[in-house]
Amino acid sequence: MTTVDTAVGTAKTMVLNMGPQHPSTHGVLRVLLELDGENVVSAVPDLGYLHTGIEKSCEDKTYSQVITLTDRMDYLNPLGNNLVYCLAVEKLLGLEVPKNAQYIRVMMVELQRISSHLVWLGTHALDMGAMSVMLYCFREREEILKIFERFSGQRMMTSYIRIGGLALDPPAGWRAMVKRFLDMMPPRIDEYEQLLTGNQIWKGRLQGVGYLSPEDLVDLSTTGPGLRAAGIPYDNRKMFPYSSYEEFDFDVPTRTESDCFARYLVRVAEMRESVKIVRQAMAKITDNGPTKAEAPGIVPPQREKMKTEMEALIYHFKIFTDGFSPPPGEVFVAVESPRGELGCFIASDGSPKPLRVHFRGPSFINLQALPFMVEGELIADTVACIGTIDIVLGEVDR
Amino acid sequence: MTQVSKESAGVVVEHLRAWNAKAVSQVIEYRGQTTIVVPKELLRATAQECKSSPALRFNLLSDATCVDRFPVEPRFELNYQLVSLPRVQRISLRTSVSGQQPIVDSLMPVWKGANWLEREIFDLFGIRFEGHTDLRRILLPDDFEGAPLRRDFPVEGKR
C-alpha cells in the first residue's frame, strides 16, 4: 500500500483513482491511472488493502494447522492452495501419498479449476456489460460447490486435502453426482460460447486489447492462461507433473494472439480439458481405496482404531498437541492453479512449526504486467485487462 | 512433485563452475531439489549467466523469497527459483545477506519480473536491493515501522 503523489499529472494529463472500491477491480485493488483524455499514459497498481500477514501467521502454527490458512488466500481455488502446501510438506517429509488419494486430489483440483474459471467468466462478462452470462456461470458453479460440500462438509473453505492424503473418504453416491455434473457441463460450455465467442460486442471489447509479446510476458514472470494465450505452452501439469498428472491424457490449450480475447478462449478450452481429466480420474479411483498414507505420527489415525489401539490414541494426541517435526531443509513446489504457477516454499528448522512459509501467488505476479498492458489503451480497456489477468485479491495481498 | 533429474542439475553446476570458479560456493541437494549457493557479490552476474547462456536459458524467474535465520549471522537467505522453459528445468539460487548490512544487488536488470518480488522482500524483511528502480513498500502502508517477517518481530504485532 502506498500514498501516491496525486500531483504527478502535468498540464496535459490528470490522475484518476480507480478503486479500491471499484466493482471491476474484483476486490480491493487500487490503480492510479494517469490519463490523457481517455487514454492511459501510465498505471500504478496499489496493493495491500487485504494484507492479513498469512505468511507470518504460518510461522506460529504447526504444519497441520497451516492448511486452514491456505484456503483463505486464493478463495476461488482453496483446494489448489491446500494441494500445493501439502505437496510441499510431503516433499519435506519424503512422504508418498497412495495413488488413489492422488487421483481424488486431481479430480477435486480440476473441478475447482472449472469453478474458478466459471467465476472468472461470469464476472468478466459482467464487467464487459453482459449481465446474463454471470447467472449461467454461477448456476453451474453451484453444482460444483454441492459436490465439494458432499465430499468435505464445506462449500468453499474445504481444507479437504491434508498432509499425507485427504480429510475424509469420498462420500456414498459421489460417482453419480460427479457424473451428472460432467454430462451436464460440455453443453453448458457450448452455451457460454454461443453467447460470447461470436458476439460482436464481446469481440470488439476484447480483440487486440492488452497485447504483450511472449518475450515480455516471460520476462515479467507471467504464468498461466495469460502466457499460454501468447503461444507458450507452459503448464506445470505437463512440464513438471505432480500428483500423477503424467498419467492423464489432456491437451494444453494455447493461442498466439496474446490479447484479452485469446485469454478468454484459452480459459474456456481449459474448462473442457478439465472435464476430460475429471472423467479419467473417476475411472482411476477405486472404491474403498486408500485415501491416506500409512504414516503414524503425521497422518491422524482412524477414529475406530483410536478406540481399540493404544498407539493410535497416543499418535492422535501427539499430532494435535506437539505436531510433527520434518527434517531441516528447504523445498519449493509448484502446481498449476487456475491463474498460473502457484508455488509454495517451506523452510524447516527441524521444529514442529515451519521456519518460513512463502506462497508464490500467481495473481500477485501476473498483476505486474498490468501497467505494460494498458499503456496507451483506453480506460475501458483497463477494465478488460484487469479482468483477463484474473486476479484474486486474497492471493495478491495474502 | 517437482521433477529435476540429477544429471541435468549437474550440467548447470558444471557450467557455472566453468564460467567462474568462484560462482558456486556450495551445492545443496535436498529431496531431489538442487540449490546453488552463490556469493552475494556474484549474484547478479550469475543470474545473468543463467538467463543468457545458450546452454542454460533460465528465462523465467518464478519466485524470490527470504528466510530469516535470526540470531544466526548472516541471518538472511535469499532464495530464487528459476525456470528454463526451453529446457524444462528448475533450479534454485541462494545467497546470504548479513543483518548489519542488509543490502544486495537487485535482479531487476536481469528479469523485469523481479520488481514486485523484491519489493515484497524489501517491505516484509527490510532488505534493500541495489539497482532496483522503484523500491517502495508494496503490501504495508508507508508509515509502517519495522519489517514484520523478521523473526524478531512478534507474531501478535508490536504495541
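When the helices (runs of 4 or more DSSP H) confined to the range A:156-225 are screened for residues that are in contact with a helix residue (DSSP H, G or I) (Cβ under 9 Å, 6 or more places away or on another chain), away from every other protein chain (no Cβ under 14 Å) and of a type outside the set (S, T, N, Q), those reaching at least 1 such residues are found at A:174-196, A:200-206.
The set of residues from the range B:74-91 being touching a residue at least 12 places away in the same chain (Cβ under 8 Å), among the β-branched types (Val, Ile, Thr) and either within 10 Å of another protein chain (Cβ to nearest Cβ) or farther than 30 Å from A:PRO233 by Cα (or both) comprises just one member, B:VAL83. With the structure loaded, tell me whether A:PHE151 is over 27 Å from A:PHE261 (Cα atoms), of a type in the set (Phe, Trp, Tyr) and part of a helix (DSSP H, G or I) or whether it fails that test. Yes, satisfied. When B:GLU29, B:GLU73, B:GLU41 are checked against the criterion of being surrounded by fewer than 19 Cβ atoms within 10 Å (Cβ to Cβ), part of a strand (DSSP E or B), out of contact with any strand residue (DSSP E or B) (no Cβ under 7 Å at 6 or more places or on another chain) and of a type outside the set (A, V, I, L, M, F, W, C), B:GLU29 stands alone in meeting it. If you go through the range A:330-379 and keep only what is in contact (Cβ under 8 Å) with a residue 60 or more places away in the chain, of a type in the set (D, E, K, R) and facing chain B (nearest Cβ under 10 Å), you end up with A:GLU341, A:ARG356. Selection of first residues in the range B:1-19 that are more than 14 Å from every other protein chain (Cβ to nearest Cβ) and of second residues that are part of a helix (DSSP H, G or I) and at pLDDT 85 or above, restricted to Cβ pairs under 6 Å at least 6 apart or on distinct chains, gives the following pairs, ordered by first then second residue: B:TRP19/B:GLU49.
When the range A:64-94 is limited to residues that are touching a Pro at 6+ places or on another chain (Cβ under 9 Å) and assigned to a loop (DSSP other than H, G, I, E, B), the one that is farthest from the other protein chains (Cβ to nearest Cβ) turns out to be A:LEU76. Exactly one residue out of B:GLU156, B:GLU130 is facing chain A (nearest Cβ under 10 Å) and surrounded by fewer than 22 Cβ atoms within 10 Å (Cβ to Cβ): that is B:GLU156. Considering the range A:189-215, and only residues there that are surrounded by 17 or more Cβ atoms within 10 Å (Cβ to Cβ) and touching a Phe, Trp or Tyr at 6+ places or on another chain (Cβ under 7 Å), the residue that is nearest to A:ILE114 (Cα to Cα) turns out to be A:TYR192. Residues considered: A:LYS61, A:LYS56. Of these, the only one that is within 13 Å of another protein chain (Cβ to nearest Cβ) and part of a helix (DSSP H, G or I) is A:LYS56. Counting only residues that are facing another protein chain (nearest Cβ under 10 Å) and either under 21 Å from A:PHE345 (Cα atoms) or crowded, with 20+ Cβ neighbours inside 10 Å (or both), the range B:44-69 holds 11 of them. Within the range B:92-120, restricting attention to residues that are facing another protein chain (nearest Cβ under 10 Å) and hydrophobic (A, V, I, L, M, F, W, C), the residue that is farthest from B:VAL38 (Cα to Cα) is B:TRP116.
The values are calculated or read from the model by the stated rules, or taken from the named source; none is laboratory data. The shown structure was predicted, so the numbers you read here are calculated from the model rather than taken from an experiment. Heads up, the Cβs are rebuilt from the backbone with ideal geometry, glycines too, and the neighbour counts pull from every protein chain shown.
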